[in-house]
Structure formats: C-alpha cells, structure tokens
Amino acid sequence: CSCPRQVRLVVPIAVAFSPGSVPADLPRPLPFRDEQEMEITVNLRTSVTSHYEVVYRGTTAQEEAALAAATAREADAALHPLQDVSMGSLTMYVVPETSSLLPQGISVYVGKHRSALVRAGGSLAALQARLQQVTQLMSFTATSMAAALSDRVPDGRLSPDARRSLKSSLGYEITFSLLNPDPKSHAVDWDIEGAVNCYVKPVLDKLSLLANFSVDSQILYYAVLGVTPRYDKESSSFLLSTHSLPHVINPVEARLGSSAASLYPVLNFLLYVPERSHSPLYIQDKDGAPVSTNAFHSPRWGGIMVYNVEASASPQASLPLHVDVDMARVMEVFLAQLRLLFGLSRDELPAEFLLESPGNEGLADWELDHLLWAHTVENIATVSTTLTSLAQLLDKIGNIVIKDDVASEVYRAVASVQSAVAQLGKGHLHLAFQASKEAVTSSERAFFDPSLLHLLYFPDDQKFAIYIPLFLPMAVPILLSLAKIVRETRQRKKEPTKMD
C-alpha cells in the first residue's frame with residue numbers, strides 16, 4: 001500500500017491592512033506573498049507539515065466601508081459577502097491600534113465566519129506572532145493534530161483531554177432519554193420533538209457536511225442512577241460528588257438499549273428527574289461547590305443532566321405532580337456537551353481574544369473547518385492502518401482468493417487517499433475531506449468483505465489434521481494391495497522360463 005506517512009496541510013490566508021494599520025517595517029510594498037512552514041511530529045515515522053500561504057494586501061473600498069461599522073459584530077456581518085468563503089481559507093483584517101471597533105483590552109475579534117479583526121501591533125514581527133495565534137485557533141494546532149492521530153502518538157505524550165473528543169466516523173446516532181424513576185410522584189412532559197427542531201436541527205444541518213446524523217428519543221420509567229446520593233443537612237438537599245459520577249453511567253446504560261447493533265457511535269443525552277425521596281439533587285465539583293448546570297459529560301459517550309422539580313407548597317397536593325420541562329435550559333446544556341464531545345471547547349484562550357457567539361447554528365464556520373482539518377487527517381491515517389492490516393492478513397493466508405470487486409475497492413481506497421493528500425497540499429479542504437471519506441468507505445468495504453474472512457481458509461497443517469483421519473483407513477488396504485502386486489511381479493521374474 002502506498003499510503004503517505006507525511007501529510008502537508010496548506011492554509012490560504014489573506015491579511016488585509018486598513019488605512020493607518022500598515023507596519024513601518026514591511027519588507028516590500030503591498031501587495032506581496034509570504035510563506036511559513038511548521039512541522040508537527042506525531043511519531044518517528046509520521047509527521048504533519050502545516051504550510052501557511054499568506055497574501056498581504058490593502059483593504060478594498062468596500063471592505064473599508066464595512067470596517068466603518070459601529071461594532072465588530074456589524075463589521076463581521078458586512079465583511080462576510082466580500083471575502084473568500086472556501087473552506088479552510090482565512091481572512092484577517094488589521095485595524096489601527098486606536099480603532100474603536102474592538103473593545104478596550106481586546107486585540108483580536110474572531111467572527112462567526114472565516115475572518116478575524118486584529119489590532120495592529122506596532123512592528124511586523126509582533127503582528128505576525130499575533131496572526132499565528134489566530135490562524136492556529138481558526139484552523140488547527142499541534143494539539144488538535146495529535147488528538148486526531150491519537151492512535152499513533154506514544155503513550156505519555158498526549159494529554160488526557162486529547163483523547164476526549166469523538167473519533168471520526170461516517171455517521172453518528174444521537175439519543176435523548178428522559179429518565180423518570182418515580183412516575184407515581186412525577187408526571188413529566190417534555191416537548192423533545194419541538195426542542196430538536198428548534199435547537200438541535202440547525203447545529204446538525206451545519207455538521208451534516210462532516211457526517212450523517214440520526215436523532216431519536218425515549219422515556220424510561222423506574223430507571224434509577226444506581227448511586228445513592230448523600231444527604232446534606234445544611235442545604236436540605238441530596239448531593240452527588242465527583243468521584244461517584246463514573247458509577248452512575250453503567251447502571252443507566254443497561255436500560256438505554258444496546259448500541260451494539262448500531263453501525264455508528266451513539267451519543268447519549270440523559271435528562272434525569274430525581275425521585276421524590278432524593279429531591280432536590282445537586283452535582284458537586286471537585287471543590288465541593290454545586291455545578292451551575294447540574295450536569296456532567298462523559299468523553300465519547302454523552303452527558304447527563306439532573307432536572308429538579310419544584311417542591312409543591314401544599315403537602316396535600318395530589319400526586320403525581322405535573323412537570324413541564326424547560327427545554328430551552330436543557331438544550332443549552334446538551335448542545336454545550338455536544339460541542340465538548342466534538343472537541344470544540346472555548347476554554348484556554350488569551351485574555352485579549354474575543355470570540356463571537358455562533359448563535360443558533362451552534363458552531364462558527366471556522367469551527368467546522370477545525371473539525372474538517374482534524375477528521376481529514378484522521379481519515380487518511382485510518383485508511384492507511386486498515387489497508388496495512390488487510391495486506392498483513394493476506395500475507396498470512398497464502399491460498400486466499402481475492403475477488404475483483406475487493407481488489408477494485410482497495411485500488412479505489414488508495415486512489416482516494418492519494419487524492420485527499422494532494423487536495424490538502426493545494427489548500428482545498430472540502431475536496432480533501434470528501435476524498436478521505438470515500439477512502440474510508442472503500443477501505444472498510446474491502447476489509448470487511450465476507451470472502452476475506454480468515455476462518456474460511458485453513459493453514460496446511462490443519463488440512464492434514466482434517467484429511468488424514470478420513471483417507472488413512474482407505475489408504476491402508478490400497479497400499480497393502482500395491483505391495484502384494486510388486487512382490488508377485490518380482491517373484492515371476494525370478495522363476496526360470498519352461499522350455500518345450
């Protein structure tokens with residue numbers, strides 16, 4: 001297999017200087033091109049080269065008009081139709097240090113499309129350092145590449161967070177479950193269909209380029225967490241501590257329905273309404289403080305939110321109490337957990353960075369690109385591993401029969417992965433991702449073809465072990481008869497011929 005071990009990621013970047021923001025130490029007059037390269041070493045045999053193709057230019061009259069907006073958000077919206085919208089490309093608008101477009105103390109504003117506003121930093125070197133930070137945030141970092149290739153990174157070199165995000169897949173199944181352990185006390189009603197259409201569908205529409213998604217929901221009665229919460233006298237409430245949270249998932253998962261029959265990874269989002277005898281129930285963090293969302297997430301699995309029911313004022317209130325779930329509050333938590341599962345957390349940012357909220361779509365255009373970069377590289381690595389494993393299997397079984405359709409899938413997988421690498425080298429992220437998906441599909445079809453099941457083929461020693469007991473009893477009389485014929489023939493030759 002000729003799958004590549006070195007991948008070159010080309011990021012096209014346009015840096016547009018507005019009037020009054022051009023550094024005095026530019027090496028040559030605008031416009032001009034510049035190229036920068038950085039190597040990300042994954043292991044001894046695999047590396048990823050990031051190549052930034054930068055075009056420095058002045059702003060156009062239309063861009064200057066857009067930058068004259070009152071706020072950075074308005075400027076971002078006005079600039080969007082004027083810029084290169086191809087996936088993986090970035091546009092940086094440099095504004096003067098005195099510009100009021102960016103709030104006080106903010107030097108970088110990242111919009112919700114594929115552009116950022118950057119405050120001029122005096123010298124070109126200072127500006128380039130800032131631009132590099134923004135570029136890595138909006139495309140990929142050494143950490144995100146290491147996470148995408150986590151299977152190839154030596155143990156100990158990868159942070160625990162890098163293994164938290166979901167592996168690349170052609171599809172994902174999302175299941176929303178309402179757990180009501182005490183239906184005698186609580187009649188819980190949730191408008192999950194309306195909530196999915198209102199809050200989840202816009203996000204999945206944006207992510208549909210990445211993979212296929214299916215969504216379903218269920219209500220489970222008498223399903224308990226399996227961990228007894230601790231009663232706290234001071235707050236008159238029940239508490240779940242951090243160390244007990246991992247023990248919550250297994251008992252609940254047994255009730256969710258098996259995901260073994262699923263072709264794709266299953267993401268579980270559980271809304272748990274505590275039983276009346278354990279209400280109200282709060283989740284504590286490591287420091288013992290209550291978690292504001294009253295929820296927690298499990299990497300590559302999903303999340304659980306505890307939804308407390310307001311206690312009735314009158315003790316004579318008829319049971320069960322009718323509960324209408326506030327779906328806006330619940331979905332806000334679940335969508336934040338969905339972002340975490342895909343590795344789109346917005347923590348650990350420099351203080352002078354301001355990121356625009358993606359709004360109803362759940363993720364910005366550049367965040368989608370961030371996922372595409374990582375998943376494309378991961379898909380290429382997966383295909384390489386799959387085809388290498390297939391080649392090793394075929395080498396072990398000398399008499400295996402490879403059908404034409406299996407061979408054509410292997411050739412298609414190799415051609416697609418080579419196409420993906422070539423497109424990455426041209427800066428065409430969308431085409432590269434599509435080719436990498438086709439490569440994964442073809443390689444898996446070849447690897448899992450029923451005709452290549454190794455149990456269908458036996459080593460020679462096993463064949464002898466099977467056939468000797470069958471043929472040996474038949475062979476003994478045949479061999480004895482042959483020996484007798486040979487003996488009689490020899491005797492005839494020794495006897496002298498009679499003369500008349």
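The values are calculated or read from the model by the stated rules, or taken from the named source; none is laboratory data. Quick caveat, the model's predicted, so the values are computed rather than measured. Note: ideal-geometry Cβ built from the backbone for every residue, glycine included; neighbour counts use all protein chains shown. All accessible areas refer to the heavy atoms of the entire protein, side chains included, with ligands and DNA or RNA removed. Shrake-Rupley method; radii C 1.70, N 1.55, O 1.52, S 1.80 Å.
Remark: for residue pairs LYS201/LYS286; LYS167/LYS426; LYS206/LYS403; LYS201/LYS403; LYS206/LYS426; LYS167/LYS463, the C-alpha separation exceeds 32 Å in LYS201/LYS286; LYS206/LYS403; LYS201/LYS403; LYS167/LYS463.
Computed FRET efficiency, Cβ-Cβ of ASP191 and PHE448, R0 41 Å: what is it to the nearest 0.05? If you can, show how the numbers build up before the last one.
Working: r = 40 Å, r/R0 = 0.98.
Calculated value: 0.50.
Of the solvent-accessible surface of the chain, computed with a 1.4 Å probe over protein heavy atoms with every protein chain present, carbon and sulfur atoms account for 56 percent. Pair-distance distribution of the chain: all C-alpha pairs, bin width 10 Å, starting at 0; shares per bin in whole percent are 3, 15, 20, 19, 16, 11, 6, 3, 2, 2, 2, 1, 0, 0. Only protein heavy atoms count here; on that basis, with a 1.4 Å probe, MET145 has an accessible area of about 0 Å². In a reduced charge model with +1 at each Lys and Arg Cβ and -1 at each Asp and Glu Cβ, the chain shows a dipole moment near 2500 debye about its Cα centre.
Model label sites at SER99 and GLU352, defined 7 Å from Cα along the beta-carbon direction, differ in position by 1.4 nm. What is the pair-distance distribution P(r) of region 8-125, computed from all Cα-Cα distances in 10 Å bins starting at 0, with each bin given as a whole percent? Result, from short to long distances: 13, 41, 31, 11, 3, 0 percent. For the pair LEU170 and GLU332, label points projected 7 Å from Cα toward Cβ lie 3.9 nm apart. In the full protein context, the chain carries 53 Å² of accessible surface per residue, based on a 1.4 Å probe and ignoring ligands, DNA and RNA.
Among the complete DSSP H segments of the chain, which ones combine at least 18 Å of alpha-carbon extent along their axis with a mean Kyte-Doolittle hydropathy of 1.0 or more?
327-341
Can you list the residues of region 379-413 with backbone N under 19 Å from a point 7 Å past the Cα of LEU470, pointing along Cα to Cβ? Once the point is set 7 Å along Cα→Cβ of LEU470, 399-400 turn out to lie under 19 Å by backbone N, inside region 379-413. Only helices enter the 222 nm calculation for the chain: every DSSP H run of n ≥ 4 contributes -39,500 (n - 2.57), and dividing by all residues gives -12000 deg cm²/dmol, rounded to 500.
How much length, in nm to one decimal, is gained on full extension between LEU26 and SER208, taken as 0.36 nm per residue of separation minus their Cα-Cα distance?
Extra length available between LEU26 and SER208 comes to 61.3 nm.
The dipole here belongs to region 371-452: it is taken about the Cα centre, uses +1 on the Cβ of Lys and Arg and -1 on the Cβ of Asp and Glu, and is about 160 debye.
What order do you get for 262-268, 478-484 when each peptide is scored by the mean count of other beta carbon atoms within 10 Å, highest first?
262-268, 478-484
Counted over region 166-342, the DSSP beta bridges are approximately 20% antiparallel.
What does DSSP give for the chain in terms of the percent of beta bridges that are antiparallel, rounded to the nearest 5? Counting DSSP beta bridges with both partners in the chain, the antiparallel share is about 30 percent.
Using a/c under 1.5 as the rounded threshold, could you call region 166-342 rounded, prolate or oblate? The axes a ≥ b ≥ c are square roots of the C-alpha gyration tensor eigenvalues, and prolate needs a/b larger than b/c, oblate otherwise. Cα axes put region 166-342 in the prolate bin. Extension gain for VAL85-LYS403 works out to 110.1 nm (0.36 nm per residue, less the C-alpha to C-alpha distance). Only protein heavy atoms count here; on that basis, with a 1.4 Å probe, ARG73 has an accessible area of about 150 Å².
Whole Å is fine, so just give me how far the alpha carbon centre of region 216-290 lies from that of region 119-135. Comparing the Cα centres of region 216-290 and region 119-135, I get a distance of 47 Å. By the Stokes-Einstein formula, at 0.890 mPa s and 25 °C, region 371-452 with its Kirkwood radius over alpha-carbon pairs has D equal to 190 µm²/s. Computed with every protein chain present, the accessible area of TYR282 is close to 90 Å² [probe 1.4 Å].
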